[in-house]
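Engineer: Let me give you the structure first, and then I'll get to my questions.
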Amino acid sequence: MVHDYDLAATLNSGQTFRWQLGEGWWEGVIGLRWVRLRAEAVSRTNEKAAENESSVIIAEAAEPVNDWRWLADYLQAGLNLADILDAFPDDQPMRLAVAACRGLRLVRQDPWECLASFILSSSKQIVQIQQIVARLCEKFGEQVMIPQNHQPVYSFPLPGRIAAAGESELRACKMGFRAPNLRETAQMIAGGTMNLCQLSALPIGEARDALMRLPGVGRKIADCFLLFACGHQDAFPVDVWVMKALRRLYFPRRQVSLKRLHKFAATHFGPYAGYAQQYLFHYARVHAKLDD
């Protein structure tokens with residue numbers, strides 16, 4: 001049983017791109033494992049308990065699983081979300097975002113899949129990113145074990161597989177100008193120039209600088225990686241949606257530069273700034289409709 005967990009918001013909030021909803025189940029691939037998930041609410045008997053809703057996440061895999069810790073770690077199911085939300089600044093925009101999105105979690109992603117996915121995300125909407133990633137996996141990934149009569153499902157391709165691919169093959173996945181960036185980054189990682197798994201141990205500034213030396217990786221993509229793959233909770237990715245949210249909710253009727261927004265985020269949102277960012281992002285995109 002988990003408390004304060006909104007599975008749909010977590011898997012459909014733009015931090016990961018391989019989950020699909022069908023017949024009440026969220027289906028995806030974690031590493032080399034096909035898995036599908038659904039949440040069932042647990043009935044509460046008093047108002048105080050209802051403040052922190054509980055649910056059971058039901059998981060099914062294609063083969064028997066004796067130890068589900070890999071899934072709990074990915075979903076960050078053991079995290080005390082209430083402590084994180086309590087650390088958010090007590091202002092109207094964050095109160096609105098938490099009220100609308102409570103239960104949203106950050107998942108802990110595979111470093112290479114996270115980085116590659118966000119390189120492919122440049123100037124794309126979430127649905128388009130999902131389509132590109134799906135094509136990439138189908139063309140270059142390995143088929144994973146699936147239930148009987150299920151259509152084929154593929155793992156995310158390893159860096160070495162992408163490094164060895166031709167640029168034209170990658171462009172066939174509809175990734176356009178991102179193809180050479182993805183290929184060159186894969187070559188650097190496969191060749192040992194960059195070890196993604198070591199970045200979580202570095203101070204965030206050093207890790208960000210290292211990432212931004214990779215082709216196609218700017219401040220936003222670097223911060224997405226640091227937040228979603230490394231667990232650097234002070235990473236605060238600023239994309240179009242977050243920029244709109246910050247400008248309209250915190251700086252109405254003022255012209256504020258991106259540099260000023262980064263400085264504001266670094267000082268305003270506290271030790272869980274990255275979590276606050278994801279709440280603002282999902283609130284702006286889904287609930288507040290800041291799309292003009």
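The values are calculated or read from the model by the stated rules, or taken from the named source; none is laboratory data. Every value quoted in this text rests on a predicted model; they were computed, and no experiment measured them. Here the Cβ is made from the backbone with ideal geometry for all residues, glycine too, and neighbour counts use every protein chain on show. Heavy atoms of the whole protein, side chains included, go into the accessibility calculation; ligands, DNA and RNA do not. Shrake-Rupley method; radii C 1.70, N 1.55, O 1.52, S 1.80 Å.
Engineer: For the range 81-91, name all the residues that are open to solvent by 10 Å² or more (accessible area, probe 1.4 Å) and either assigned to a helix (DSSP H, G or I) or not aliphatic (A, V, I, L, M) (or both).
Structural biologist: Across the range 81-91, the qualifying residues are ALA82, ASP83, LEU85, ASP86, PHE88, PRO89, ASP90, ASP91.
Engineer: Can I ask one more? Going by the structure shown, is LEU115 of a type outside the set (D, E, K, R), under 23 Å from ARG183 (Cβ atoms) and open to solvent by less than 20 Å² (accessible area, probe 1.4 Å)?
Structural biologist: Judged against the criteria, LEU115 is a match.
Engineer: How many residues are open to solvent by less than 80 Å² (accessible area, probe 1.4 Å) and more than 25 Å from ALA8 (Cα to Cα) when one looks only at the range 258-279?
Structural biologist: Residues flagged as open to solvent by less than 80 Å² (accessible area, probe 1.4 Å) and more than 25 Å from ALA8 (Cα to Cα) within the range 258-279 amount to 7.
Engineer: Being under 19 Å from ARG260 (Cα atoms), at pLDDT 95 or above and β-branched (Val, Ile, Thr) is the filter here, so list the residues in the range 215-241 that pass it.
Structural biologist: Correct list: ILE221, VAL238.
Engineer: Provide a single number: the residues in the range 215-226 that are in a helix (DSSP H, G or I) and open to solvent by 30 Å² or more (accessible area, probe 1.4 Å).
Structural biologist: 2
Engineer: Residue check: is GLN255 in contact with a Gly (Cβ under 6 Å, 6 or more places away or on another chain), open to solvent by 30 Å² or more (accessible area, probe 1.4 Å) and outside any helix (DSSP H, G or I)? Before you say what the answer is, go through the steps one by one.
Structural biologist: Details: in contact with a Gly (Cβ under 6 Å, 6 or more places away or on another chain): no; open to solvent by 30 Å² or more (accessible area, probe 1.4 Å): yes; outside any helix (DSSP H, G or I): yes.
Criteria not met by GLN255.
Engineer: Got at least one residue in the range 68-80 being more than 17 Å from the chain's Cα centre (by Cα), modelled with pLDDT of 95 or more and either open to solvent by less than 50 Å² (accessible area, probe 1.4 Å) or under 24 Å from PRO147 (Cα atoms) (or both)?
Structural biologist: Scanning the range 68-80 turns up at least one residue that is more than 17 Å from the chain's Cα centre (by Cα), modelled with pLDDT of 95 or more and either open to solvent by less than 50 Å² (accessible area, probe 1.4 Å) or under 24 Å from PRO147 (Cα atoms) (or both).
Engineer: Being buried (at least 20 other Cβ atoms within 10 Å of the Cβ), of a type in the set (A, V, I, L, M, F, W, C) and more than 22 Å from ARG36 (Cβ to Cβ): is that true of LEU120 here?
Structural biologist: yes
Engineer: For a quick check of your reading of the model, give me the residue pairs whose first member lies in the range 6-33 and is open to solvent by 40 Å² or more (accessible area, probe 1.4 Å), whose second is part of a loop (DSSP other than H, G, I, E, B), with beta-carbon atoms closer than 6 Å and at least 6 apart or on different chains.
Structural biologist: Close Cβ pairs (under 6 Å, with a partner that is part of a loop (DSSP other than H, G, I, E, B)) amount to ASP6/GLY103; ASP6/LEU104; LEU32/VAL144; LEU32/SER155.
Engineer: Of the numbered conditions (1) surrounded by fewer than 18 Cβ atoms within 10 Å (Cβ to Cβ); (2) touching a residue at least 60 places away in the same chain (Cβ under 8 Å); (3) in contact with a helix residue (DSSP H, G or I) (Cβ under 9 Å, 6 or more places away or on another chain); (4) among the hydrophobic types (A, V, I, L, M, F, W, C), LEU182 fails exactly one; give the number of that condition.
Structural biologist: LEU182 satisfies all of (1) surrounded by fewer than 18 Cβ atoms within 10 Å (Cβ to Cβ); (2) touching a residue at least 60 places away in the same chain (Cβ under 8 Å); (3) in contact with a helix residue (DSSP H, G or I) (Cβ under 9 Å, 6 or more places away or on another chain); (4) among the hydrophobic types (A, V, I, L, M, F, W, C) except (1).
Engineer: Scanning for something of a type in the set (D, E, K, R), under 22 Å from HIS287 (Cα atoms) and without any contact (Cβ under 8 Å) to a residue 40 or more places away in the chain, does the range 234-254 turn up at least one residue?
Structural biologist: The answer is yes, given that some residue of the range 234-254 is of a type in the set (D, E, K, R), under 22 Å from HIS287 (Cα atoms) and without any contact (Cβ under 8 Å) to a residue 40 or more places away in the chain.
Engineer: Can you pull out the residues in the range 129-152 that are touching a residue at least 24 places away in the same chain (Cβ under 8 Å), surrounded by 13 or more Cβ atoms within 10 Å (Cβ to Cβ) and out of contact with any Leu (no Cβ under 8 Å at 6 or more places or on another chain)?
Structural biologist: Scanning the range 129-152 gives GLN130, GLN131, ALA134, ARG135, CYS137, LYS139, PHE140, ILE146.
Engineer: Given (1) under 20 Å from LYS259 (Cα atoms); (2) open to solvent by less than 60 Å² (accessible area, probe 1.4 Å), identify the lone condition not met by MET212.
Structural biologist: Answer for MET212: the failing condition is (2).
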